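Below is one structure; the comments refer to it alone.
The values are calculated or read from the model by the stated rules, or taken from the named source; none is laboratory data. It should be emphasised that the depicted structure is a prediction, and the values quoted were computed from it without experimental measurement. Here the Cβ positions follow ideal geometry from the backbone for every residue, glycine too, while neighbour counts run over all protein chains shown. Protein only, heavy atoms only, side chains kept; ligands, DNA and RNA dropped before computing areas. Shrake-Rupley method; radii C 1.70, N 1.55, O 1.52, S 1.80 Å.
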Amino acid sequence: MRPVTITVHHHIGDETDFEKGLSLSTRRECFEAHISWLAREYDVIDLSTLLSGNLPRRPLLLTFDDPYFSIKTAINDVLKPRGLPSVFFLNPALLDDADVSIDRLLAVYVHRHGLADVMAAADVGRSHADLGALIRLGISGLGAERRQRLKASLRQRFGAPPLSEASKALRREDLAEFEELKIEIGNHTATHVHGRALTRDEIQTEIVGAKHTLERLSGRPVRAFASPYGNEADLPPPVLRALRDSGHAAIFLVHARANLLRPHRDVWYRVSLKNEAVDDLPRALSRDPILRRAKAMMRL
């Protein structure tokens, strides 16, 4: 099989308080430059082509994570005119702004109230150097139910911050447009949670239940799953079994490693893009992933 390059973008547009410190946002003009270059340099494929193994010379899969409305707008304006397909990984419990993920809530509170006050209110056991460390180390062991309790506690302490237009989520009715936009819906857990922390019951709710909900809302099968935060530690054996048993044919991490040698045939690595200059994309998508893959193999 030819090596496949897989990219992931998140929030498209100027960073809001809900993205501060998360390193998720891509400015609109930068995103447009990325897509123009990628469409010129690669053969953009859809998920069915990836699963078939019948790949073109330089295959590229475009993916998006988290149910930002800004992503749908960018796909409509930038990908649709070029006829480019993509996979959009969604959290059904976060549609319609019914809720926000714990990391986005922490981001707005840290930005507005300071890291020390938020850590004290969150009671995560020890201090952390920044928001990234708080998410990676402080809350990664919290399952879905404990995260919901933490969010309720933080809202009680700091208030419920209003979302800006730039940070709003997709609406359920937006999913009806996905087929026309050549978007395949993927599963990103129900509420955006680390897989390593899920109990047996939470695996059924966050992974299997989320898949069924997305299929019901869209009327289309959900064949792919992207692990929130993109870390292989969030694919322990019970999670992998549940994913496969429930019909997920492709599972995506980040790690920005080359897809030359993968731990499982159905697990794929992605490169997360933010505001890289076009001149830096060859290194970010080709050389660096190969080096990371080699380093990972040396550690085995």
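If we keep just the residues of region 170-180 that are more than 18 Å from His11 (Cβ to Cβ) and among the aliphatic types (A, V, I, L, M), which is farthest from the chain's Cα centre (by Cα)?
Checking each candidate, the answer is Ala176.
Here is a list of conditions, (1) farther than 22 Å from Pro59 by Cβ; (2) within 15 Å of the chain's Cα centre (by Cα), and His255 meets all of them except one; can you say which number that is?
His255 satisfies all of (1) farther than 22 Å from Pro59 by Cβ; (2) within 15 Å of the chain's Cα centre (by Cα) except (1).
Which one is most open to solvent (accessible area, probe 1.4 Å), of the residues in region 88-117 that are touching a strand residue (DSSP E or B) at 6+ places or on another chain (Cβ under 9 Å) and part of a helix (DSSP H, G or I)?
Among residues in region 88-117 that are touching a strand residue (DSSP E or B) at 6+ places or on another chain (Cβ under 9 Å) and part of a helix (DSSP H, G or I), the one most open to solvent (accessible area, probe 1.4 Å) is Asp96.
Going through region 38-54 one residue at a time, which ones are touching a residue at least 12 places away in the same chain (Cβ under 8 Å), open to solvent by 20 Å² or more (accessible area, probe 1.4 Å), of a type outside the set (Gly, Ala, Ser) and under 21 Å from Val254 (Cα atoms)?
Asp43, Val44, Asp46, Leu51
Given the options Thr199, Thr189, name the one that is in contact with a Gly (Cβ under 7 Å, 6 or more places away or on another chain) and of a type in the set (Ser, Thr, Tyr).
The unique qualifying residue is Thr199.
How many residues does region 220-258 hold that are modelled with pLDDT of 95 or more and in a loop (DSSP other than H, G, I, E, B)?
12
Just one of Arg287, Arg283, Arg293 is surrounded by 16 or more Cβ atoms within 10 Å (Cβ to Cβ) and without any contact (Cβ under 8 Å) to a residue 40 or more places away in the chain; which is it?
The conditions single out Arg293.
Working only within region 249-279, note down all residues that are among the charged types (D, E, K, R), open to solvent by 60 Å² or more (accessible area, probe 1.4 Å) and over 14 Å from Leu235 (Cβ atoms).
Answer for region 249-279, where residues must be among the charged types (D, E, K, R), open to solvent by 60 Å² or more (accessible area, probe 1.4 Å) and over 14 Å from Leu235 (Cβ atoms): just Asp279.
Which residue out of Ala226, Ala233, Ala210 is closer than 28 Å to Ser286 by Cα, surrounded by 23 or more Cβ atoms within 10 Å (Cβ to Cβ) and in contact (Cβ under 8 Å) with a residue 12 or more places away in the chain?
One residue alone meets the criteria, Ala226.
Considering only region 55-75, state which residues are over 25 Å from Ser23 (Cβ atoms) and either open to solvent by less than 10 Å² (accessible area, probe 1.4 Å) or part of a helix (DSSP H, G or I) (or both).
Pro59
State all residues of region 134-151 that are assigned to a helix (DSSP H, G or I), over 30 Å from Ala176 (Cα atoms) and open to solvent by 10 Å² or more (accessible area, probe 1.4 Å); if no residue qualifies, say none.
Those that are assigned to a helix (DSSP H, G or I), over 30 Å from Ala176 (Cα atoms) and open to solvent by 10 Å² or more (accessible area, probe 1.4 Å): Ile135, Arg136, Leu137, Gly138, Glu145, Arg146, Arg149, Leu150.
For residues that are farther than 27 Å from Leu260 by Cβ and among the basic types (Lys, Arg), scanning just region 1-37, find the one that is surrounded by the fewest Cβ atoms within 10 Å (Cβ to Cβ).
It comes out as Arg27.
Quick one: in region 158-207, which of the residues that are outside any loop (DSSP other than H, G, I, E, B) and modelled with pLDDT under 95 is surrounded by the fewest Cβ atoms within 10 Å (Cβ to Cβ)?
Glu165
Need pairs with beta-carbon distance below 7 Å; first residue closer than 13 Å to Val87 by Cα and within region 238-252, second open to solvent by less than 20 Å² (accessible area, probe 1.4 Å) and of a type in the set (Lys, Arg); sequence gap 6+ or separate chains.
Filtered contacts from region 238-252: Phe252/Arg270.
How many residues, within region 122-161, are among the aliphatic types (A, V, I, L, M) and in contact (Cβ under 8 Å) with a residue 40 or more places away in the chain?
7
Could you list, in sequence order, all residues of region 101-116 that are touching a residue at least 40 places away in the same chain (Cβ under 8 Å) and more than 14 Å from Leu22 (Cα to Cα)?
Arg112, His113
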